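Down below is the structure, laid out as structure tokens.
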Amino acid sequence: ATDYLLKQRLERLPSAVQRALVEAEEHRERTRAQQALRESEERFRQLAETINEVFWMTDPAKNQMIYISPAYETVWGRTCASLYASPRNWLDAIHPEDRERIVQSALTKQTAGTYDEEYRIVRPDGGVRWIRDHAFPVRNTSGQVYRVAGVAEDITERKRAERQTAGELRVLELLAHGAPLSECLDRLARECEEVCPGVICSVLLLDADGRHLRHGAAPSLPADYIAAIDGIEIGPGVGSCGTAAHTGRTVIVSDIATDPLWADCKELALPHGLRACWSVPILGEADRVLGTLALYAREPRAPQPEELAAHEHAAYLASLAILRHRMLETLRQSEE
């Protein structure tokens, strides 16, 4: 009844006044809508900037980045500004072995709403991260796709834990079946390289005289380099492994070309493209040094925290393999 009376009164007003009232009401509605939109955008911005996942939105027609959340800089190690300037930077960061697959998937699946991929990226510091990327289309009122929005999550730790657990089980299975020490160490080195992509693993065993390191396993090192360091005498300033075996402590060399620990032996490594070496001592009972487990990188850099953690765990598995081998050898000699 109130609406009817109000309508009757409005109809009796001059047409100019009616139009003014209608326009005023439309203006109030637009103002309320704009305020609601601003509040919604602010809530989204606060959410996007405080979580670890990377929110992104693109214009597929223009191949243009519309929005990228600040978490991108933490995960990718690149600035958001660089991505806005050149959206191709996203593609260039994808690991070369995964890039073609992701390009094809993005072209065919993002606008269809079925894009859900896992791939690796390479950070500017050389670190490799695993990403799970999910995208869905945003449609306008006519049903056409005019935006693609997505969420990218860093799943590196989950992937690393899965691979490390699977690799550990394979090594322990070899030990349980009585495989030779060389086979166990070779498998351990390969598993370590799988968990830490981009590194080369080497295991050296301390000789019975306690002074020299002998080749244990290095499936990815050049044969010439293996032969050159086989039998190297330990001591302070004898590369990463010689020093680690001498001190019983982890040695991190980020640049073989300039580090004084490698001053006398850098010419052995540099011709083979080895630029960094991180060595962890393999310790037995009472922290007695049994050998070293080293990771090499082909570019000057320090290890990532997760790489160092995997490195130390691999050294522990190596100690189990060496101690078991020695126990069986002692038993065999006793039986003889």
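Structure values in brief
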{"read-out": "Ranked by how many other beta carbons lie within 10 Å on average, peptides 154-160, 115-121 from highest", "value": "115-121, 154-160"}
{"read-out": "Cα convex hull volume per residue for the stretch 166-216 (Å³)", "value": "76 Å³"}
{"read-out": "Label-point separation in nm, E157 to R88, each point 7 Å along Cα→Cβ", "value": "3.6 nm"}
{"read-out": "Under the Karplus curve 6.51 cos²θ - 1.76 cosθ + 1.60, θ = phi - 60°, whole-Hz ³J(HN,Hα) for the stretch 254-265, x wherever Gly or Pro sits", "value": "7, 8, 4, 5, 10, 6, x, 5, 9, 4, 8, 9"}
{"read-out": "Cα-derived Rg to Rh of the stretch 182-336, Kirkwood definition", "value": "0.96"}
{"read-out": "In Hz, Karplus ³J(HN,Hα) per residue of the stretch 145-152 (6.51, -1.76, 1.60; θ = phi - 60°; x = Gly, Pro)", "value": "6, 10, 8, 10, 10, x, 10, 10"}
{"read-out": "Set of aspartates and glutamates with alpha-carbon distance to K109 below 13 Å, sequence-local pairs under 8 removed", "value": "E117, D133"}
{"read-out": "Residue-span extension gain [R101 to D125] - 0.36 nm each, minus C-alpha spacing", "value": "6.3 nm"}
{"read-out": "Pairwise centroid distance, computed over Cα atoms, of the stretch 49-101 with the stretch 186-219, Å", "value": "37 Å"}
{"read-out": "Estimated Rh, the stretch 158-261: Kirkwood, alpha-carbon pairs, angstrom", "value": "15.0 Å"}
{"read-out": "Accessible surface of the stretch 124-166 [probe 1.4 Å, protein heavy atoms]: carbon and sulfur percent", "value": "50 percent"}
{"read-out": "Expected 222 nm ellipticity per residue - DSSP helices of 4 or more, -39500 (n - 2.57), all of the chain, to 500", "value": "-15500 deg cm²/dmol"}
{"read-out": "Gyration tensor (Cα) of the chain, equivalent ellipsoid semi-axes in angstrom", "value": "64, 20, 17"}
{"read-out": "Free-standing Cys, the chain [no other Cys Cβ under 4.7 Å]", "value": "C80, C184, C196, C241, C265, C277"}
{"read-out": "For I66, distant residues with modelled amide H under 5 Å away", "value": "M57, T58, D59"}
{"read-out": "nm² value of the averaged projected area, convex hull over the Cα atoms of the stretch 93-241", "value": "12.7 nm²"}
{"read-out": "The stretch 278-323: mean projected area of Cα convex hull, nm²", "value": "3.3 nm²"}
{"read-out": "Net lengthening on full extension, I66/A309 (0.36 nm per residue, minus Cα-Cα)", "value": "83.7 nm"}
{"read-out": "The stretch 250-298: trypsin sites (Lys or Arg not before Pro) in DSSP coil with no more than 14 other Cβ atoms inside 10 Å", "value": "R288, R298"}
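The values are calculated or read from the model by the stated rules, or taken from the named source; none is laboratory data. Bear in mind the structure is a predicted one, so any value in this text is a computation, not a measurement. With ideal geometry, Cβ positions are generated from the backbone for all residues, glycine too; neighbour counts draw on all protein chains shown. Heads up: the accessible areas ignore ligands, DNA and RNA and are worked out on the full protein's heavy atoms, side chains in. Shrake-Rupley method; radii C 1.70, N 1.55, O 1.52, S 1.80 Å.
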